[in-house]
Amino acid sequence: MVQRVAIVGAGVSGLAAIKCCREEGLEPTCFERSEDIGGLWRYAERAEEGRASIYRTVFTNSCKEMMCYPDFPFPDDHPNYMHNTKLQEYIWKFAEHFDLLRHIRFKTLVTKIKKRPDFSVSGQWDVITEKEGKKETEVFDAVMICSGHHVYPNFPADSFPGIQKFKGCYFHSREYKAPEKFRGKNVLVIGLGNSGCDIAVELSTVASQVYLSSRSGSWVMSRVWEHGYPWDMKIVTRFQTWLETILPRALSDWLYVKRMNWPFKHENFGLMPVDGTLRKEPVFNDDLPSRIACGVVVVKPNVKEFRETSVLFQDGTVQKDVDVVIFATGYSFCYPFMEDDSIIKSRDNTITLYKSILPPQLEKPTLAVIGLVQSLGAIIPTSELQCRWAVKVFQGKWKGTSWANDLAFPSMSKGDLSSLFPRYGTSNTLQMDYITYMDELATAIGAKPNLPKLLLTDPRLALEVFFGPCTPYQFRLTGPGKWSGARRAILTQWDRTLR
């Protein structure tokens, strides 16, 4: 019988895990290597080993109504998109409101997690931690890994011939904090992701010239969408997901490309994705198109070769006098504390996790990886529902035939995912449609909203649930963890957005 649960990391996923364990009567113990909560969102002046690192001006890409914990809306006076310090305030309010801090052991590093000798029977784990040089071993019935995947930088130096002879400065975007020291420099940013675009735009205000190199292009979206509303409240709806499933693939792809090209034609800006029909996570940047139009950011193709002071690109052009190169090339997920690294497999960027949460080869389902998914949805509600699902699996209270029988369904690895959901392509994280995935987890624990029933009993709410934004409150309307304020939160979500 699962009772004691070890949680690694006190970021937004770790806090959700603590709360979900408490709701089900379990005893959570959260290990946090730093002295604070918040994980990725806790800004520090220097990148710290083993912790995610953000730059000073990071803002959220999801609006407050779409990214909150489902039974804890943001305060009315918070803006729709928040600076990292504002989000950190909210995270602290959430932890204090639900009395989560007493379950966290700060400045405690998890050094090893290993199966106990009788794991095939008990499903238990030995968790070895270190604090102030003192090591301690404890036994837990289950483990939830909530350490995120923005910790270990992907720095593919081997993919860039000549980088060793480049005389300028180069580093991973993880080390970037602020633009001041790059004033008057010629800077090359490699990587057309959110970090790369943010850094390029910010540097363009002080640098002599910024070049932004992209291997495959990307859709670039504004946070401010049609009629000035948040993009995700207009796009992430059950109605839109339903349309995607019923329309012919060719028509759906055409509409998708047309919608993504709505603000500006990406091809004219050198940003057009190689395969524009794939529903990969877009880049969110309100300023990049104008920075390109003003000439202070110049889009370049992939780098072919570095020279001492110049860079040769794939199209044959050479850019001279490059002073700084910033590799915004993403992150690799890694769990160095796992004694058996085959439990969470990663081969050729292929991740094997059942429902994107559980390693499928375990004899007992008592290890969950939280937050290793990528979709148009925000991470807070996604990881929160993953935690609720995982806790039910730990307890054997989920709507599956059985753990062994249900594994006959293809495991949610990258390879399987690309065939099950071809519109999402491949990625080093598990990429999928947000609403489809959330409904799958919610159905298994009895928390998916029942639209036919709502249409008969509460038609106003039913219409808002289907046609309106799929806000996190929907997954607290019914079932275990039902929140009495969910209905009101849904019916007033546009009011808070406008306010």
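Residue pairs, Cβ under 9 Å, 6 or more apart or interchain, first in segment 188-209 and outside the structural domain of Val283 (by the TED database), second assigned to a loop (DSSP other than H, G, I, E, B) and of a type in the set (Lys, Arg). List them.
none
Tally time: how many residues in segment 463-480 are in a helix (DSSP H, G or I) and open to solvent by less than 40 Å² (accessible area, probe 1.4 Å)?
Residues flagged as in a helix (DSSP H, G or I) and open to solvent by less than 40 Å² (accessible area, probe 1.4 Å) within segment 463-480 amount to 6.
How many residues does segment 412-442 hold that are open to solvent by less than 50 Å² (accessible area, probe 1.4 Å), assigned to a helix (DSSP H, G or I) and at pLDDT 50 or above?
7
Does Pro75 qualify as being closer than 24 Å to Tyr229 by Cα and touching a helix residue (DSSP H, G or I) at 6+ places or on another chain (Cβ under 6 Å)?
no
Can you find, within segment 443-462, the residue that is nearest to Leu243 (Cα to Cα) among those that are in a helix (DSSP H, G or I), touching a helix residue (DSSP H, G or I) at 6+ places or on another chain (Cβ under 8 Å) and open to solvent by 70 Å² or more (accessible area, probe 1.4 Å)?
Leu455
Determine which single condition Ala404 fails, assuming it passes every other condition in (1) closer than 27 Å to Ser120 by Cα; (2) among the hydrophobic types (A, V, I, L, M, F, W, C); (3) exposed (fewer than 15 other Cβ atoms within 10 Å of the Cβ); (4) at pLDDT 80 or above.
(4)
What single numbered condition from (1) assigned to a helix (DSSP H, G or I); (2) open to solvent by 30 Å² or more (accessible area, probe 1.4 Å) fails to hold for Arg215?
The number of the failed condition is (1).
Within the group Ala16, Ala6, which residue is of a type in the set (A, V, I, L, M), part of a helix (DSSP H, G or I), at pLDDT 95 or above and out of contact with any Leu (no Cβ under 6 Å at 6 or more places or on another chain)?
Ala16
Of everything in segment 75-88, what is surrounded by 15 or more Cβ atoms within 10 Å (Cβ to Cβ) and either hydrophobic (A, V, I, L, M, F, W, C) or assigned to a helix (DSSP H, G or I) (or both)? Give them in sequence order.
Met82, Asn84, Lys86, Leu87, Gln88
Given (1) open to solvent by less than 10 Å² (accessible area, probe 1.4 Å); (2) part of a helix (DSSP H, G or I), identify the lone condition not met by Val189.
(2)
The conditions are (1) of a type in the set (A, V, I, L, M, F, W, C); (2) part of a helix (DSSP H, G or I); (3) under 30 Å from Glu363 (Cβ atoms), and Ala95 fails exactly one of them. Which is it?
(3)
Would you be able to say whether some residue in segment 301-319 is under 30 Å from Thr108 (Cβ atoms), touching a Lys or Arg at 6+ places or on another chain (Cβ under 9 Å) and not in a loop (DSSP other than H, G, I, E, B)?
Checked against the condition, which is being under 30 Å from Thr108 (Cβ atoms), touching a Lys or Arg at 6+ places or on another chain (Cβ under 9 Å) and not in a loop (DSSP other than H, G, I, E, B), segment 301-319 yields no hits at all.
Please pick out the residue among Ala52, Ala47 that is open to solvent by 30 Å² or more (accessible area, probe 1.4 Å) and of a type in the set (A, V, I, L, M).
Ala47
When you scan segment 195-217, how many residues do you find that are at pLDDT 95 or above and farther than 18 Å from Phe171 by Cβ?
Final tally of qualifying residues: 5.
Give Ser342, Ser383, Ser290 a once-over and let me know the one that is surrounded by fewer than 23 Cβ atoms within 10 Å (Cβ to Cβ), in a helix (DSSP H, G or I) and either of a type in the set (Gly, Ala, Ser) or without any contact (Cβ under 8 Å) to a residue 12 or more places away in the chain (or both).
After ruling out the rest, the residue left standing is Ser290.
Return a yes/no flag: does segment 100-108 have any residue that is assigned to a loop (DSSP other than H, G, I, E, B) and in contact with a helix residue (DSSP H, G or I) (Cβ under 6 Å, 6 or more places away or on another chain).
yes
Any residue at all in segment 321-333 that is surrounded by fewer than 19 Cβ atoms within 10 Å (Cβ to Cβ) and over 20 Å from Pro156 (Cα atoms)?
For segment 321-333, residues surrounded by fewer than 19 Cβ atoms within 10 Å (Cβ to Cβ) and over 20 Å from Pro156 (Cα atoms): present.
When you scan segment 226-279, how many residues do you find that are more than 21 Å from Met438 (Cα to Cα) and in a helix (DSSP H, G or I)?
19
Can you confirm whether segment 151-164 contains a residue that is in a strand (DSSP E or B) and modelled with pLDDT under 95?
Checking segment 151-164: at least one residue is in a strand (DSSP E or B) and modelled with pLDDT under 95.
For Ser159, indicate whether it is of a type outside the set (Lys, Arg), open to solvent by 40 Å² or more (accessible area, probe 1.4 Å) and not assigned by the TED database to the domain that holds Asn61.
Yes.
Kindly provide the set of residues from segment 165-186 that are of a type in the set (Lys, Arg), more than 13 Å from Val58 (Cα to Cα) and outside any helix (DSSP H, G or I), ordered by number.
Lys167, Arg183, Lys185 - these are the residues of segment 165-186 that are of a type in the set (Lys, Arg), more than 13 Å from Val58 (Cα to Cα) and outside any helix (DSSP H, G or I).
Could you say which residue among Phe106, Phe72 is open to solvent by 10 Å² or more (accessible area, probe 1.4 Å) and farther than 25 Å from Thr497 by Cα?
Within the list Phe106, Phe72, the selection yields Phe106.
Working only within segment 481-491, note down all residues that are outside any helix (DSSP H, G or I), surrounded by 15 or more Cβ atoms within 10 Å (Cβ to Cβ) and on the phi < 0 side of the Ramachandran plot.
Within segment 481-491, just Trp483 meets the criteria.
The values are calculated or read from the model by the stated rules, or taken from the named source; none is laboratory data. Note that this is a predicted model, so its numbers are computed, not measured. So basically every Cβ, Gly included, is an ideal-geometry build from the backbone, and we count neighbours across all protein chains shown. Accessible surface areas use protein heavy atoms only, side chains included; no ligands, DNA or RNA. Shrake-Rupley method; radii C 1.70, N 1.55, O 1.52, S 1.80 Å.
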